[in-house]
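To keep things clear, I will list the structure first and then write my remarks on it.
The values are calculated or read from the model by the stated rules, or taken from the named source; none is laboratory data. Small disclaimer: the values here were computed from a predicted structure and weren't measured. Note: ideal-geometry Cβ built from the backbone for every residue, glycine included; neighbour counts use all protein chains shown. Only protein heavy atoms, including side chains, enter the accessible area calculation; ligands, DNA and RNA are left aside. Shrake-Rupley method; radii C 1.70, N 1.55, O 1.52, S 1.80 Å.
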Protein chains: 2
Amino acid sequence: MSKASIPKGTRDFLPSEAKKRAYLFDTIKAVFESHGYDPIETPAMEHLQTLLGKYGEEGDRLIFKILKRGDKFKAALQSGNDFADQALRYDLTVPFARFVVQHRSDLSFPFKRYQMQPVWRADRPQKGRYREFYQCDVDCIGTESLHAEVELLQIIETVFDRLGLSGVEVRLNNRKILMALAQYLNAEERLIEMTVIIDKLDKIGLRKVCEELSSIGFADDQIKKLVDIITLTGNPSVLFESLTDTFAQIPDGLKGVEELQFLFDMAKALNIKGLKLDLSLARGLNYYTGAIFEVTHPDFKSSICGGGRYDDLTSLFGLEGMSGVGISFGADRIYDLLEQKGLFDQNTSASAQVLFANFGEQEVKYAQNIAAKLRAEGIACEVYLERVKMKKQFSYAHAKNIPHVLSIGSEEIGGALLPIKNMASGETQKLSLEAIISLLNSKNDH
Amino acid sequence: MSKASIPKGTRDFLPSEAKKRAYLFDTIKAVFESHGYDPIETPAMEHLQTLLGKYGEEGDRLIFKILKRGDKFKAALQSGNDFADQALRYDLTVPFARFVVQHRSDLSFPFKRYQMQPVWRADRPQKGRYREFYQCDVDCIGTESLHAEVELLQIIETVFDRLGLSGVEVRLNNRKILMALAQYLNAEERLIEMTVIIDKLDKIGLRKVCEELSSIGFADDQIKKLVDIITLTGNPSVLFESLTDTFAQIPDGLKGVEELQFLFDMAKALNIKGLKLDLSLARGLNYYTGAIFEVTHPDFKSSICGGGRYDDLTSLFGLEGMSGVGISFGADRIYDLLEQKGLFDQNTSASAQVLFANFGEQEVKYAQNIAAKLRAEGIACEVYLERVKMKKQFSYAHAKNIPHVLSIGSEEIGGALLPIKNMASGETQKLSLEAIISLLNSKNDH
């Protein structure tokens, strides 16, 4: 006999959770589609070579690999290595790049796609960190137009608006400014290290950031200049002027400022709220080359969405010159935040709108026919399957949050009125089928 | 540089396919929910011990295993075995049984759940057979009520009805009749072998079935009796009478006939069509103990849905007495069949309803504001991201099946009428925003 348990870091979702997740995914998906983004899917398993080396050394260690079978396994056993040539997808970005290159002749560019699928990482499980979790990515690839960034800003605002989550802050920066900063400090060759350290600011604080910069050889005056820039706050247009002065001789910097300015201007024209220029925003991933975004909420410690522009992602698979921009919604984190703030609609917990009580074979036959009529009107309903005590049937309705119980006893068969009980108020009314349909339909609408 | 390709037996889904798949899954899901079935999800990875031994020897070989990491891998390397303790889910039934046992105190019984997730099998890939594919399972567990079977018959009919697929045949039998048959032939101890051979009838034909029965030691008169029964056809009520005679001394047989009779009676009362009694239907899986179903279509060689009642599935994980019944829709096969018959709605290929042509920065800013208004009305639309030749923009609309193009040039900014082109007819009208909204909304409705 096997024990009923699941691997650590993985989760089962019970109906109440699965329904909330469906509501969350459906909401995000509807916003993506309203902007003309199309879905794609990629397989859970990729060639190991597709993934290896794309996520740094630590990433390589955290990839779940698929054990070879049969003769290939025997050969691996003999040689003592190469036990796997396939692995589970680690994110949606690398498979997306692979997909674009592989199918480029079948796609229309700019290619606007979204993808909502699980990814797997052998991270140490902890609160809020799982080994299997969903990513919801939306990307536009094959254009340098900054209107793509603007569209993503609109999408971010609409998604959180529809989820009823207010107070969301969208932090914005541009990798070109970080590149310019490294040039300005005469530390171009340390751009990546510098970015990685700045990226930790939220976690470790400014003092530690300075210490770490110092430990990799940044001089005090370099650190001071750097801190002066990344901690700039205030009105974006004033900051843009100041940065334009600072980077007067550094084309990357001027370009970065110009791009950011465009986004802030468009946001104003389109009434997109919640944008905040944050010159300390770095985002760890090396493939970003332009605008970078990170969405946070004051009541949640980690970012709930993030992304940026990449100029060369598909070159990993041999296709150059495919600039794109994308963001990823952290579905599990957003779920936790919505739960924490009580923002899941009550109705995401209801299944059927009405339960038909079971009074016996003849009554059930009749009830099934009425149930079929309700379903034809788009009303979800179920007939209790067993002839047991009413108390048990009502408990079932209660446990499943079914708001109404219809009791069709032998006297009701063929009659004009049916007794329907409202589970919340406890009140029972006798209504015609038409009245019942209109009562339940109005609840469906809200 | 990595090559852009995916493991054999796996698939990418391009937007046109992904949208058709979403339509198929959404349709099935809506029917499940209309009968009060709730979604659950289980992780892709299960403990290897949860899966091993549940699918027979061949199944064990076809399970994808996850390679251990770190010290556990080193230990495996030293001992030369136990390279995996986790594996990818092989079907949804065993994880469901594990789920019910693990979470039994949090579930309401009868527990009605559906689950639509991918499964993985290291089968040799061939046309229509993949290493990653979706199963769409719907089960009701914790009741012996045959109304659960009736509900599944309703669900089968409604799903294929909504998909527009006519001519579907639902073949029905009962495992108790096969048990009775083995007793009737004094071959009780060969029940499983016998079932496996009968199960091959569709593939290998009656003569081969007889040969195989003979090869495992069935005598000619036993085979004759068996063939006489499994090939019975005609009016179900006549067959039921004849079976009642045959099995007069075999309680299992009488029970099986009674159960089938109930299903046919209820189907008649509820006007469920397409049912066919098929006494040769066996279904290979050993856990079935009552009604068994298989759905076929004359234009497709394999079954597109199937299932049955099991009395003891959860005992694999130590929970006895949990009778249940379930069916599984073969999403990939149904997809292929719908494609083959041209039954995917044209609109599953459309993304946005309208494309705003790009005439420059001022025009785009204006167009974005109009686009936001259309989206607020539930109309999906997109603004072309680059200022390029109109020809290219129209090709993009054409390639993405976007039915309308709105051209807002500098003269249109602030004006009352906007020129909208119907891509199918080639005709351009000048309409007010309200007229455009009502035009596009009416298309959304159908």
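Overview of results
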{"item": "Selection from A:441, A:384, A:355 lying farthest towards where the dipole of chain A points positive, charges on Cβ", "result": "A:384"}
{"item": "Radius of gyration, Dmax [the stretch A:151-191; alpha carbons; angstrom]", "result": "16.4, 46"}
{"item": "Nearest 10 degrees, 0 to 90: helix A:251-269 Cα axis against chain A principal axis", "result": "30 degrees"}
{"item": "Computed magnitude of the charge dipole of the protein assembly as shown (debye, nearest 20; Cβ of K, R +1, Cβ of D, E -1)", "result": "860 debye"}
{"item": "Interface B:A - total buried accessible surface [probe 1.4 Å, Å², rounded to 100]", "result": "8400 Å²"}
{"item": "Among A:64, A:13, A:218, residue whose mean-square fluctuation peaks in a GNM of chain A (springs only between Cα atoms under 10 Å)", "result": "A:13"}
{"item": "Size of charge dipole - the stretch A:341-418 - debye, nearest 20, with Cβ of Lys, Arg +1 and Asp, Glu -1, no other charges", "result": "280 debye"}
{"item": "Equivalent-ellipsoid semi-axes of the stretch A:49-157, from the Cα gyration tensor, Å, largest first", "result": "33, 19, 11"}
{"item": "Dipole moment magnitude, nearest 20 debye, chain B about Cα centre, only Lys, Arg, Asp, Glu C-beta charged", "result": "1900 debye"}
{"item": "Measure of compaction for the stretch A:119-179 (Cα Rg per 2.2 N^0.38 Å)", "result": "1.50"}
{"item": "With DNA, RNA and ligands ignored, accessible area of residue A:215 (1.4 Å probe; Å², nearest 10)", "result": "90 Å²"}
{"item": "Heavy-atom accessible area per residue - chain B, 1.4 Å, Å²", "result": "42 Å²"}
{"item": "Estimated D of the stretch B:173-313 in µm² per second, where Rh is the Kirkwood radius over Cα pairs and Stokes-Einstein applies at 4 °C, 1.567 mPa s", "result": "83 µm²/s"}
{"item": "Cα gyration tensor category, rounded, prolate or oblate, for the stretch A:314-446 with a/c compared to 1.5", "result": "prolate"}
{"item": "Sequence-distant residues sharing a close amide H with residue A:10 (under 5 Å, placed H)", "result": "A:131"}
{"item": "Carbon + sulfur, % of accessible area of the stretch A:236-389 - ligands and nucleic acids excluded, 1.4 Å", "result": "49 percent"}
{"item": "Global geometry of the stretch A:94-148, whether rounded, prolate or oblate, following the gyration tensor of its Cα atoms and the 1.5 cut on a/c", "result": "prolate"}
{"item": "Counting DSSP beta bridges with both ends in the protein assembly as shown, the antiparallel % (nearest 5)", "result": "80 percent"}
{"item": "Exercise: per-residue mean of other protein chain Cβ atoms within 10 Å, A:365-378", "result": "3"}
{"item": "Accessible area of residue B:395 in the full protein assembly, 1.4 Å probe (Å², nearest 10)", "result": "60 Å²"}
{"item": "Most positive-pole-ward Cα, B:423, B:263, B:166, against dipole of chain B from beta carbon charges", "result": "B:423"}
{"item": "Amide H contacts of residue B:117 (H built 1.01 Å from N, under 5 Å, at least 5 apart or other chain)", "result": "B:135, B:137"}
{"item": "Cα-Cα separations in the protein assembly as shown greater than 53 Å, expressed as whole percent", "result": "23 percent"}
{"item": "Within the stretch A:350-445, percent of DSSP bridges classed antiparallel, to nearest 5", "result": "55 percent"}
{"item": "Per-residue ³J(HN,Hα) for the stretch B:308-321, Karplus 6.51 cos²θ - 1.76 cosθ + 1.60, θ = phi - 60°, Hz, x for Gly and Pro", "result": "x, 9, 10, 9, 8, 4, 6, 5, 3, 10, x, 10, 9, x"}
{"item": "With DNA, RNA and ligands ignored, accessible area of residue A:398 (1.4 Å probe; Å², nearest 10)", "result": "130 Å²"}
{"item": "Residue of B:292, B:204, B:334 that the Gaussian network model of chain B assigns the largest fluctuation, springs spanning Cα pairs under 10 Å", "result": "B:204"}
{"item": "GNM top mover of A:76, A:87, A:367 - chain A, alpha-carbon springs below 10 Å", "result": "A:76"}
{"item": "For chain B: rounded, prolate or oblate by the Cα gyration tensor [a/c cutoff 1.5]", "result": "prolate"}
{"item": "Relative contact order %, chain B, counting alpha carbon pairs below 8 Å whose residues are six or more apart", "result": "14 percent"}
{"item": "Charge dipole (chain B, unit charges on Cβ, about Cα centre) - positive-most of B:147, B:302, B:403", "result": "B:403"}
{"item": "Considering only the stretch B:159-309, percent of DSSP beta bridges that pair antiparallel, nearest 5", "result": "80 percent"}
{"item": "Chain A, helix-only ellipticity at 222 nm - DSSP H runs n ≥ 4, -39,500 (n - 2.57), divided by all residues, nearest 500", "result": "-13000 deg cm²/dmol"}
